[in-house]
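Just below is one structure, and these are the notes that go with it.
The values are calculated or read from the model by the stated rules, or taken from the named source; none is laboratory data. Everything numeric here is computed off the predicted structure, so don't read it as measured data. Every residue, glycine among them, receives a Cβ derived from its backbone with ideal geometry; neighbour counts consider all protein chains shown.
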Amino acid sequence: MKSFILITAVLLGIGFSATAKKRVCGKVCDSKGEPLCGVTVVIKNSKIGIVTDFDGDYCLDSCSSNSVLIFSMIGMETEEVRVDSLNSIDVSLKEDLVNLSGSFYYF
């Protein structure tokens, strides 16, 4: 009976650690290495997100190892990155000239 309780406690502990929330921070730059201000960083399939500051920096406190971060900005290609065991994720976004050219309307 003691071994059953011990095994159950260990399995529950593993389950809780897999969903533990952690802080993930990083920097978002363009392809030239210049910081991007105003990039939206969202945890996929949630309403949790933030916008990068003037230096391209961000921090999210509600990430788990299963989380996928979505980095998006008008004129740039959207990037998705899985958090896994990372605490710091730096991203370089590429220009999206195809989608940018179709978003202007001339009167």
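Numbers for the structure displayed
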read-out	value
All positions within the range 61-90 that are acidic (Asp, Glu), closer than 14 Å to residue 49 by Cβ and touching a Gly at 6+ places or on another chain (Cβ under 9 Å)	none
Residue that is nearest to residue 45 (Cα to Cα), among those in the range 68-78 that are in contact with a Ser or Thr (Cβ under 8 Å, 6 or more places away or on another chain) and at pLDDT 95 or above	70
Breaking point among (1) in a loop (DSSP other than H, G, I, E, B); (2) at pLDDT 95 or above, for residue 24	(1)
Tabulated pairs, the range 23-51, first over 16 Å from residue 78 (Cα atoms), second of a type in the set (D, E, K, R) and in a strand (DSSP E or B), C-beta under 6 angstrom, 6+ apart or interchain	23/61
Within the range 81-107, tally of residues that are at pLDDT below 55 and either in contact with a strand residue (DSSP E or B) (Cβ under 8 Å, 6 or more places away or on another chain) or among the hydroxyl-bearing types (Ser, Thr, Tyr) (or both)	3
Of all residues in the range 69-85 being loosely packed, with under 15 Cβ neighbours inside 10 Å and not acidic (Asp, Glu), the one that is nearest to residue 28 (Cα to Cα)	78
